[in-house]
Amino acid sequence: MTALAAPTEPQEPAVRSPRTPRRQWLAVLGAAARTTRGRVGLGIMLFIALVTVIGPFVTPYSSTAIVGSGLPFAKPSAQYLLGTDVLSRDVLSRVLDGGWVMLVMALCSTVFGVVVGGAAGISAAYLRGKWDGIIMRTVDVVLAFPQLVFALLFVSIIGPKLWLIVIVVGFTQAPAVARVLRSATLDISERDYVKAIELQGVKPVKVMWSEILPNLITPLMVEAGLRLTYSIVVMAGLAFLGFGQPPPSPQWGYMINENRGGLIGGNVWAVVAPTILIALLTIGTNTFTDAVARVAIGIEGRPQEALVLNEAAVAETTLGETA
Amino acid sequence: MAVAVAPPPARSLRWSQQHPLFALVIRRTLVGLLTLVIVSIIVFLATEVLPGNAAYAILGKTSTPARVRALEQQLGLDRGLVDQYWVWFTGLFTGHLGTSTSNGLGVWAQIEPRLIDSAVLVFVAGIIGSVLGIVLGAMAALRKDGWFDHISAVAALGITALPEFVIAIALIILFATTVSHVLPAVSLIPPGSYAWNDPKMLVLPVATLVIVIVPYIQRMMRAAMIEALESDYVEMARLKGLKAWRVVFVHALPNAIAPTIQVIGLNFLYLAGGIVVVEYIFNFPGIGQGLVYAVTNRDIPIIQFTVVILAAFYVFMNILTDVIALLATPRRRIAR
């Protein structure tokens, strides 16, 4: 019976774009920047970037010096525009000086996480078999730790070293990237042009690098954006808990914590200013990433599904790792 | 004439095919246990091997050889590595986890009340957040592209990006300090007592966690509900002339909740890590706060145990979510 049945045709995946053009990532970013969400997100990101980059050069006072009366929590005045903090330091100077280290660290750990996770995900899907098993089980183990807890574990051993925080936070971002890129690679590695290249005897590493990777640029961009947002969230959280730069140097996360006593009757701005900057930064990166994701799904040729798919996908990929 | 009697097909099926759900639960549980053993090895090796000598690291510059030796004995550092791991690993089940290096109290005695307080926090926040997310998601789907849908979409995009402590600080400013004083800013529950003795202390920590998780559940519920409302069976129910509320509550809603359960499970997973910062801010005496204090004091026995507990919660919550999602969608129960 079964022998007589017609052999099932291999299901041909509907080939949408045979090869991704070289500059597609620029086109996607450009299209995203022209949407309303993209414009808002990009605007906020640029504003914060300007504050963190130019800020350290235009501080009215030294960000670590005790100024004014020496009493904590002076209210805002013409002399100290945002008042002073718990140790009577100028809040405006500390805010202007307190963002760039975290931003650089978050960018570094995002790059680390995307590179490690991307390499793991693509290799797992392309090499299959044994490697797929090893890589994805490793991913499961790393995912069993809540992100912040994993970082705390290593900080508790080695101490709050900045390079350590960059590597550990980046490492906890990698599993999510690996999962997304693995499923994207599974689809691409079945396409005819990949098979054709393989038949020519090209080495797996080269196939992955020059045939598969260029087709993963859009999911990579979306993942990088999400990972950047969560890197900032985790870094700021670690700084808030006191595991960041050592105390006298200003940083937004720890400023919120150390000035909490000023919320009652003191200088509220010492807490509010860094809180608003962190909130704006993460909202900006998240909003722009959302715009990129929407454009990317639209380009894939299923605009009618874009909304539902995007929300489900974003919910599934971003959750769980936020912890 | 002779009719070949086919053997009853059920016999030829393997046990795992007859009971796919049980097979799945058992397989996932075994994989989960294996993951946890690996997690415990990582936690153990990380805290015991990496720093060189943990005893020296704890005592720091003030250490004298005698004190280092005493602490080494307390931590079991004078034994072999495998031996040390085995003693610790079996201790996870018997409760003999040694003593805290910062105050000398038993690890289990110290963590147990914290664990109960954290569990209360996680489940109260998780349940309120799930119900709220489902209701708000269904509302947005019913009035798709209406004002509520648009506002909730923008709010969700903003809130999902925020760190927990930003939301917590905003709530503290609004309700506990600057704007009004209706709620306590920090909990005054001493460690070792229970949260339900003073429910008012739970309000802000729970509210923070609810605000963090609701947008995810709301977005997923909205997407699933829109799909359900556009499906053939809902169309059929409408054409039969059923009342609108009946179509929504009996036909669309249950089918939309099924895919949402997965996201609810993921949110409970998030809570396992999210409580760390939130408990610390509100001075809530749970394991998250305990972990932060332990990391500050390099209290290794407490850190080890807390991380393993959180990982165990993570792994088993994952399995539970999969099983419930499977039970909620009958057609997926068979083909796996």
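If the requirement is being modelled with pLDDT of 70 or more, more than 14 Å from chain A (Cβ to nearest Cβ) and surrounded by 14 or more Cβ atoms within 10 Å (Cβ to Cβ), which of these qualifies: B:87, B:31? Can you show your working first?
Values: B:31 fails: more than 14 Å from chain A (Cβ to nearest Cβ).
Only one candidate qualifies: B:87.
For the range B:144-170, which positions are more than 16 Å from residue A:283 (Cβ to Cβ) and crowded, with 20+ Cβ neighbours inside 10 Å?
Within the range B:144-170, the subset more than 16 Å from residue A:283 (Cβ to Cβ) is B:144-150, B:168.
Passing the criteria: only B:168.
With the structure loaded, tell me whether residue B:291 is buried (at least 24 other Cβ atoms within 10 Å of the Cβ), more than 22 Å from residue A:244 (Cα to Cα) and touching a Ser or Thr at 6+ places or on another chain (Cβ under 9 Å) or whether it fails that test.
No: the conditions fail for residue B:291.
Which ones in the range B:296-329 are β-branched (Val, Ile, Thr), within 11 Å of chain A (Cβ to nearest Cβ) and more than 25 Å from residue B:201 (Cβ to Cβ)?
Matches in the range B:296-329: B:300, B:303, B:307, B:308, B:315, B:321.
Taking residue B:248 as the residue in question, decide whether it is surrounded by 20 or more Cβ atoms within 10 Å (Cβ to Cβ), modelled with pLDDT under 85, among the aliphatic types (A, V, I, L, M) and part of a helix (DSSP H, G or I).
Taking the combined requirement at face value, the residue satisfies it.
Of everything in the range B:195-249, what is over 20 Å from residue B:165 (Cα atoms) and touching an Asp or Glu at 6+ places or on another chain (Cβ under 6 Å)? Give them in sequence order.
Residues satisfying the conditions are B:195, B:219, B:223.
Only one of B:293, B:280, B:233 is among the hydroxyl-bearing types (Ser, Thr, Tyr) and at the interface with chain A (Cβ under 8 Å from one of its Cβ atoms); which?
Just a single option satisfies the conditions, and that option is B:280.
With crowded, with 24+ Cβ neighbours inside 10 Å, assigned by TED's automatic domain parsing to the domain that holds residue A:235 and among the polar types (S, T, N, Q) as the only criterion, which of A:110, A:138 stands out?
Result: A:110 is the single residue among A:110, A:138 that is crowded, with 24+ Cβ neighbours inside 10 Å, assigned by TED's automatic domain parsing to the domain that holds residue A:235 and among the polar types (S, T, N, Q).
Assuming residue A:100 fulfils every condition listed in (1) surrounded by 20 or more Cβ atoms within 10 Å (Cβ to Cβ); (2) free of Cβ contacts under 8 Å to residues at least 60 places away in the same chain apart from one, which condition is it?
With respect to (1) surrounded by 20 or more Cβ atoms within 10 Å (Cβ to Cβ); (2) free of Cβ contacts under 8 Å to residues at least 60 places away in the same chain, residue A:100 is out only on (1).
Can you list the helices (runs of 4 or more DSSP H) found entirely within the range A:148-263 that contain at least 2 residues being of a type in the set (Phe, Trp, Tyr)?
A:162-188, A:217-240, A:252-258
From (1) within 13 Å of chain B (Cβ to nearest Cβ); (2) at pLDDT 80 or above, pick out the condition that doesn't hold for residue A:249.
For residue A:249, the exception is condition (1).
Return the residues of the range B:137-152 that are in a helix (DSSP H, G or I), in contact (Cβ under 8 Å) with a residue 24 or more places away in the chain and within 14 Å of another protein chain (Cβ to nearest Cβ); say none if nothing qualifies.
Those that are in a helix (DSSP H, G or I), in contact (Cβ under 8 Å) with a residue 24 or more places away in the chain and within 14 Å of another protein chain (Cβ to nearest Cβ): B:137, B:140, B:141, B:149, B:152.
Six or more apart or on different chains, Cβ atoms under 6 Å: show the pairs whose first residue is in the range A:129-146 and within 11 Å of chain B (Cβ to nearest Cβ) and whose second is among the β-branched types (Val, Ile, Thr).
A:140/B:35; A:141/B:35; A:141/B:38; A:144/B:35; A:144/B:39; A:144/B:315
Which condition does residue A:272 not pass, out of (1) in contact (Cβ under 8 Å) with a residue 24 or more places away in the chain; (2) in a helix (DSSP H, G or I); (3) within 11 Å of chain B (Cβ to nearest Cβ), if it passes all the others?
It is condition (1) that residue A:272 fails.
Report yes if residue A:219 is farther than 30 Å from residue A:100 by Cβ and at pLDDT below 85, otherwise no. Even if it seems obvious, please write down each step before you answer.
Working: farther than 30 Å from residue A:100 by Cβ: no; at pLDDT below 85: yes.
Judged against the criteria, residue A:219 is not a match.
Being under 11 Å from the mean Cα position of the chain (by Cα), of a type in the set (Phe, Trp, Tyr) and assigned to a helix (DSSP H, G or I), is that true of even one residue in the range B:290-306?
Of the residues in the range B:290-306, the ones under 11 Å from the mean Cα position of the chain (by Cα) are none.
Scanning the range B:290-306, I find no residue that is under 11 Å from the mean Cα position of the chain (by Cα), of a type in the set (Phe, Trp, Tyr) and assigned to a helix (DSSP H, G or I), so the answer is no.
Please indicate, with yes or no, whether at least one residue in the range A:198-217 is of a type in the set (Lys, Arg), more than 15 Å from the chain's Cα centre (by Cα) and in the same structural domain as residue A:115 (by TED's automatic domain parsing).
Checked the range A:198-217: at least one residue is of a type in the set (Lys, Arg), more than 15 Å from the chain's Cα centre (by Cα) and in the same structural domain as residue A:115 (by TED's automatic domain parsing).
Name every residue in the range A:212-245 that is out of contact with any Leu (no Cβ under 7 Å at 6 or more places or on another chain) and among the β-branched types (Val, Ile, Thr), in order of residue number.
A:212, A:217, A:218, A:222, A:229, A:233
Of the numbered conditions (1) within 14 Å of another protein chain (Cβ to nearest Cβ); (2) free of Cβ contacts under 8 Å to residues at least 12 places away in the same chain; (3) at positive phi, residue A:164 fails exactly one; give the number of that condition.
Going through the list (1) within 14 Å of another protein chain (Cβ to nearest Cβ); (2) free of Cβ contacts under 8 Å to residues at least 12 places away in the same chain; (3) at positive phi, residue A:164 breaks only (3).
The values are calculated or read from the model by the stated rules, or taken from the named source; none is laboratory data. This structure is a prediction, so every number in the text was calculated from the model and none was measured. Positions of Cβ are backbone-derived with ideal geometry, glycine not excepted, and every protein chain shown enters the neighbour counts.
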